[in-house]
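Here's the structure, in structure tokens; my notes come after.
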Amino acid sequence: MIQDKKLADQQVEEQQAQARALVEDQERMIIEANQSVETKMAGFQGECTNQIIKAQADAAKQKREADGSYAAKLLMADSALYAASREAEGRKATLMAEAEGKEYVLGVIQDTSKRPEFCELYDSIIDSQGGQLVR
């Protein structure tokens, strides 16, 4: 009987040792699985961070391009406005000069005392144009 008891105790100890070994293996496997998950999560977070940085850089580039395009178009519009304004001022000056000339001619026609002065001016204009009246 003592021997049976020793054998039973020995078997219990072996089974307990196997159970402890299995528990330790299970704990080791859990730790390895957690480390694997943490490694994969860190890689995924890194990829996400890189994608966010790339998206922000692309957005900044597009904004700079849009700002540059806006500035160029604004300068072109200002230039066109300035050119049109200068052209309008020149046309106005031409029309004003023509109107003054016509008023003068009308005044000369209406005032017979200025006709000799007008005739001299008329002759000088015709001479300066090669003998032809420019209208």
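The values are calculated or read from the model by the stated rules, or taken from the named source; none is laboratory data. None of these values were measured; they are calculated from a predicted model. Every residue, glycine among them, receives a Cβ derived from its backbone with ideal geometry; neighbour counts consider all protein chains shown.
Some points to look at:
- Residue within the stretch 63-74 that is among the aromatic types (Phe, Trp, Tyr), over 38 Å from the mean Cα position of the chain (by Cα) and at pLDDT 75 or above present: no
- Count - residues of the stretch 1-36 that are exposed (fewer than 10 other Cβ atoms within 10 Å of the Cβ) and basic (Lys, Arg): 1
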